[in-house]
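So the structure is just underneath, and the comments pick up after that.
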């Protein structure tokens, strides 16, 4: 299936919504049929981008719609790893509550916390749930 330039531009705008934290706009698009696990050419999912850009409401909206916490981008990173790197306790908690695996990926959330000596993040990742 070949997409038109207009369709590609529209899909690209979904990643912009994730980066900008437009939870309502993104939720509306997903509810209308855009795949919740849409992934760009770098392997970044909407969830990974929302987590990296510290948009907790957008992360929550995507999780409510079934976003896969187990997606790993082309650099071996997950949404949980991105949230740990950005030191977002709220997003880390949301992702862990949704079943995200702290050890997933070649650059796992645990690896990120250890490498950057993010003790509070490491404690969140290893706390009993």
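The values are calculated or read from the model by the stated rules, or taken from the named source; none is laboratory data. Quick caveat: nothing in here was measured; it's all calculated off a predicted structure. Glycine also receives a Cβ, built like all others from the backbone with ideal geometry; neighbour counts cover every protein chain displayed.
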| query | Can you spot a residue in the stretch 35-49 that is farther than 22 Å from residue 77 by Cα, out of contact with any helix residue (DSSP H, G or I) (no Cβ under 6 Å at 6 or more places or on another chain), free of Cβ contacts under 8 Å to residues at least 60 places away in the same chain and part of a loop (DSSP other than H, G, I, E, B)? | reply | no
| task | Using the structure shown, decide if residue 18 is touching a residue at least 40 places away in the same chain (Cβ under 8 Å), closer than 15 Å to residue 83 by Cα, part of a helix (DSSP H, G or I) and under 11 Å from the mean Cα position of the chain (by Cα). | result | yes
| Which residue pairs have Cβ atoms closer than 6 Å, lie 6 or more positions apart in sequence or on different chains, and pair a first residue in the stretch 100-115 that is without any contact (Cβ under 8 Å) to a residue 24 or more places away in the chain with a second residue that is buried (at least 20 other Cβ atoms within 10 Å of the Cβ)? | 103/110; 110/102; 110/125
| Filter result for residue 73 (over 30 Å from residue 119 (Cα atoms) and either free of Cβ contacts under 8 Å to residues at least 60 places away in the same chain or within 10 Å of the chain's Cα centre (by Cα) (or both)) | no
| note | Checked against (1) part of a helix (DSSP H, G or I); (2) at pLDDT 95 or above, residue 73 satisfies every condition except (1)
| So residue 43, is it on the phi > 0 side of the Ramachandran plot and surrounded by 18 or more Cβ atoms within 10 Å (Cβ to Cβ) | no
| query | Within the stretch 63-83, how many residues are surrounded by 17 or more Cβ atoms within 10 Å (Cβ to Cβ) and within 14 Å of residue 107 (Cβ to Cβ)? | reply | 10
| field | Filter result (in contact (Cβ under 8 Å) with a residue 40 or more places away in the chain and closer than 22 Å to residue 22 by Cβ) within the stretch 81-99 | value | 91, 95
